[in-house]
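Below is one structure; the comments refer to it alone.
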Amino acid sequence: MIKCLRNVKALSHLRSSCPLDLHKHLDTTFLIILPALVQSVSKNMAQKSSRNLTITGDTGCFNNFINTVIPDEDNLIRESLSSLKPHERHQNVRAERLDGVGDWFLETSEFRKWNEGEDGSLEQVLFCSGGPGMGKTFMW
Amino acid sequence: MIDNLCDQVEEKDLAVAWLYCDFLAHKEQSATAMLGAILRQLVSVRGVPENIQQRFRKRFSDRGLRLPDMVGMLKTAISLLPTVYICIDALDELAPKSQQELLWSLWDIVRESPNTRVLFTGRSHVADEVKKYFVEAIIVPVSPTEDDIRVYLDAMLDRDTEPDAMDNNLRRDIMRIIPETISEV
């Protein structure tokens with residue numbers, strides 16, 4: 001799959017540097033093969049591709065399209081590692097959090113030892129324990 | 001706290017990853033997916049190391065990633081980083097199987113990677129589970145201070161959708177009695 005994506009990227013690069021007539025030909029090829037390729041990457045991306053194709057209908061946009069819809073290998077690996085999105089949840093928690101609430105925790109000797117301790121120290125693991133609604137998530 | 005750690009990233013050369021566990025997401029929150037989310041955060045800043053790319057190519061195309069693959073890749077990623085902080089919120093909200101697999105995997109990682117720090121939050125009954133794997137874990141009881149409660153109440157009263165129902169005396173009483181009462185509990 002990754003090899004396949006590389007080929008698409010290589011074709012994309014070729015497209016931008018090739019003579020005009022071949023350029024057109026490649027555009028057409030892209031129109032035909034791209035949705036299939038993208039579909040093989042993931043359903044999610046395939047949805048994006050068909051949306052983009054319908055909306056733009058413009059072959060000139062393909063370079064941007066390739067770069068945004070088909071990620072480079074690093075992005076592909078990152079996306080495949082997990083479907084969870086802790087960053088989104090963190091934005092929600094940040095939005096709810098009130099300035100100053102729970103800051104005292106950062107000053108406790110337990111947190112400081114955990115944060116500042118040497119590698120391999122006994123304080124490698126910290127467990128903050130509290131009942132429901134005791135502000136554990138507010139500390140984040 | 002996460003933001004505080006992230007603020008230290010440039011100054012102290014460390015990496016931070018975090019997770020929120022959720023009762024409503026038992027199905028999605030397998031130990032493999034959770035460790036994958038940690039790994040994704042750790043390889044987001046400096047790119048995916050070559051040996052992780054190779055392992056990923058081999059495993060992912062064979063049969064998908066499984067827990068031992070993820071643990072192995074995480075150990076590799078951590079070994080290439082300075083200090084790594086992993087923060088996991090609401091450990092008690094994980095399904096029991098995921099919780100045990102996650103704790104076991106983290107134990108395996110921490111044991112081999114002395115540059116790792118792990119912080120959990122959770123209800124007190126999971127402290128025993130954490131202690132099973134991390135005998136030396138420090139347990140810190142967390143409860144809001146009177147100041148925390150005052151800040152919270154102030155914000156809630158300011159957002160009240162019926163401000164006409166409030167007057168200065170009532171507000172003063174609320175701000176005095178509730179923090180005192182809660183901190184006595």
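Here, each number is a calculation from the coordinates, and none is a lab measurement. Please read all numbers here as calculations on a predicted model, not as lab measurements. Heads up, the Cβs are rebuilt from the backbone with ideal geometry, glycines too, and the neighbour counts pull from every protein chain shown.
Once both labels are modelled 7 Å past Cα along the beta-carbon direction, what's the A:E118-B:I177 spacing in nm?
Label at A:E118, label at B:I177, 5.5 nm between them.
Which ³J(HN,Hα) values, rounded to whole Hz and listed in residue order, are derived for the stretch A:106-117 from phi using the Karplus coefficients 6.51, -1.76 and 1.60 in 6.51 cos²θ - 1.76 cosθ + 1.60 with θ = phi - 60°, glycine and proline given as x?
Result, ordered by residue: 5, 9, 5, 5, 5, 5, 4, 5, 5, 6, 10, x Hz.
With springs only between Cα atoms under 10 Å, which of B:R59, B:R111, B:R46 fluctuates most in a Gaussian network model of chain B?
Top of the fluctuation ranking is B:R46.
Please work out the C-alpha center-to-center distance from the stretch B:101-172 to the stretch B:17-50 and express it in whole Å.
So the separation of the two Cα centres works out to 20 Å.
Of the residues B:S143, B:S30, B:S124, which exhibits the maximal mean-square fluctuation in a Gaussian network model of chain B defined by a 10 Å Cα contact cut-off?
Among B:S143, B:S30, B:S124, the largest GNM mean-square fluctuation belongs to B:S143.
Mind pulling the angle between the C-alpha long axis of helix B:67-79 and the longest principal axis of chain B? Nearest 10 degrees, somewhere in 0 to 90.
Tilt of helix B:67-79: around 80 degrees.
Set the Förster distance to 30 Å, then compute FRET efficiency between A:D99 and B:R123 from the Cβ-Cβ distance, nearest 0.05. Intermediate values should be presented prior to the final figure.
Numbers: r = 26 Å, r/R0 = 0.87.
It comes to 0.70.
Counting other C-beta atoms within 10 Å, which of B:M1, B:M73, B:M156 has the fewest, and how do the rest follow?
Numbers: B:M1 22, B:M73 26, B:M156 11.
Fewest to most other Cβ atoms nearby, the residues stand as B:M156, B:M1, B:M73.
Take the Cβ-Cβ distance between B:D167 and B:D3 as r, set R0 to 30 Å, and report the resulting FRET efficiency rounded to the nearest 0.05.
Details: r = 37 Å, r/R0 = 1.23.
Computed FRET efficiency for B:D167 and B:D3 comes out at 0.25.
Across the stretch B:122-129, in residue order, what do the Karplus-derived ³J(HN,Hα) couplings come to in whole Hz, using 6.51 cos²θ - 1.76 cosθ + 1.60 with θ = phi - 60° and x for Gly and Pro?
Rounded to whole hertz, the list is x, 5, 4, 5, 7, 4, 5, 5.
Pairing the Cα long axis of helix B:146-158 with the longest principal axis of chain B, what angle in degrees results, from 0 to 90 and rounded to the nearest 10?
Once rounded, one gets 70 degrees.
To the nearest 10 degrees, how steeply does helix B:168-184 sit against the main Cα axis of chain B, on a 0 to 90 scale?
Computed tilt is about 50 degrees.
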